[in-house]
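Asker: Would you mind keeping the following structure in view while I ask a few things?
The values are calculated or read from the model by the stated rules, or taken from the named source; none is laboratory data. Everything numeric here is computed off the predicted structure, so don't read it as measured data. Cβ sites come from the backbone with ideal geometry, for glycine too, and all protein chains shown count toward neighbours. Note: accessible area is taken over every heavy atom of the protein model, side chains too, but ligands, DNA and RNA are not part of it. Shrake-Rupley method; radii C 1.70, N 1.55, O 1.52, S 1.80 Å.
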Amino acid sequence: MQDAKVKKLAMAGVMAAMICVLTIFPHIPLGSGYIHLGDGLILLAVMLLGPLGIPAAAVGSMLADLLVYPVYAPVTLVVKGLMAAVAWLIYRKNDRRRTVLAFIAAEAVMVLGYFAYEWIAVPEFALADVPGNLIQAVAGVCVGLVLTTLVPRLESLTK
């Protein structure tokens with residue numbers, strides 16, 4: 001029992017590190033943000049770790065922003081945490097429609113969260129960044145759906 005908890009906690013740390021790295025490398029600058037693979041890993045973290053994927057997503061994404069766009073780090077902690085929470089609340093294993101819905105809803109939180117922040121903090125970027133964030137959202141959903149095929153194999157690592 002204790003061994004499973006330790007494995008899951010260790011996997012959360014690994015997922016946070018992977019989210020950080022794949023948010024930074026590779027990335028394509030777009031507007032005041034960038035397109036990356038990290039969102040797909042956020043979705044994978046939630047599928048594998050359940051609610052423990054939420055802090056992994058928030059911390060991993062925030063660390064990436066601390067290294068690339070530090071001004072966004074605090075809002076990223078909140079937005080990516082909320083994104084992961086929404087995915088976790090909707091996601092159901094072996095239910096493809098719920099999985100797609102969870103991923104789309106989570107990415108919608110990301111787009112709306114950054115829009116709301118930019119509307120308040122840097123309004124000149126708010127509308128201009130929506131298309132880039134939508135592209136990032138579509139990429140995140142696509143990567144997340146591809147990664148669903150890895151879940152059965154990776155689940156054994158957390159048990």
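Asker: Per residue of the range 11-25, in order, report the coupling 6.51 cos²θ - 1.76 cosθ + 1.60 (Karplus, θ = phi - 60°) as ³J(HN,Hα) in whole Hz, putting x for Gly and Pro.
Answerer: 5, 4, x, 5, 5, 4, 5, 5, 4, 4, 5, 7, 7, 8, 10
Asker: Right, another one. With Kirkwood's inverse mean 1/r over C-alpha pairs for Rh, give me the Rg to Rh ratio of the range 34-159, two decimals please.
Answerer: Rg divided by Rh gives 0.98.
Asker: Something else about it: For every helix of n ≥ 4 consecutive DSSP H residues, a contribution of -39,500 (n - 2.57) applies; sum these over the chain, divide by its total residues, and give [θ] at 222 nm rounded to the nearest 500 deg cm²/dmol.
Answerer: Values: 7 runs with 125 residues, N = 159.
Roughly -26500 deg cm²/dmol at 222 nm, from the helical runs in the chain.
Asker: What is the packing order of peptides 10-23, 122-135, taking the mean over residues of other C-beta atoms within 10 Å and listing the highest first?
Answerer: So the peptides 10-23, 122-135, ranked by packing, come out 10-23, 122-135.
Asker: Give a residue-ordered list of calculated ³J(HN,Hα) values for the range 46-54 (Karplus: 6.51 cos²θ - 1.76 cosθ + 1.60, θ = phi - 60°; whole Hz; x for Gly, Pro).
Answerer: Here the 3J(HN,Hα) series is 5, 5, 7, 10, x, x, 5, x, 5 Hz.
Asker: Please list 3J(HN,Hα) in residue order for the range 153-159, calculated via the Karplus relation 6.51 cos²θ - 1.76 cosθ + 1.60 where θ = phi - 60°; whole Hz, with x for glycine and proline.
Answerer: Values per residue, Gly and Pro as x: 5, 6, 4, 5, 6, 9, 10 Hz.
Asker: If the viscosity is 1.002 mPa s and the temperature 20 °C, what translational diffusion coefficient in µm²/s does Stokes-Einstein give for the range 118-158 when Rh comes from Kirkwood over Cα pairs?
Answerer: Estimated via Stokes-Einstein, D reaches 172 µm²/s.
Asker: Find the accessible area per residue for the range 68-159; the probe is 1.4 Å, ligands and nucleic acids are left out, and the unit is Å².
Answerer: 55
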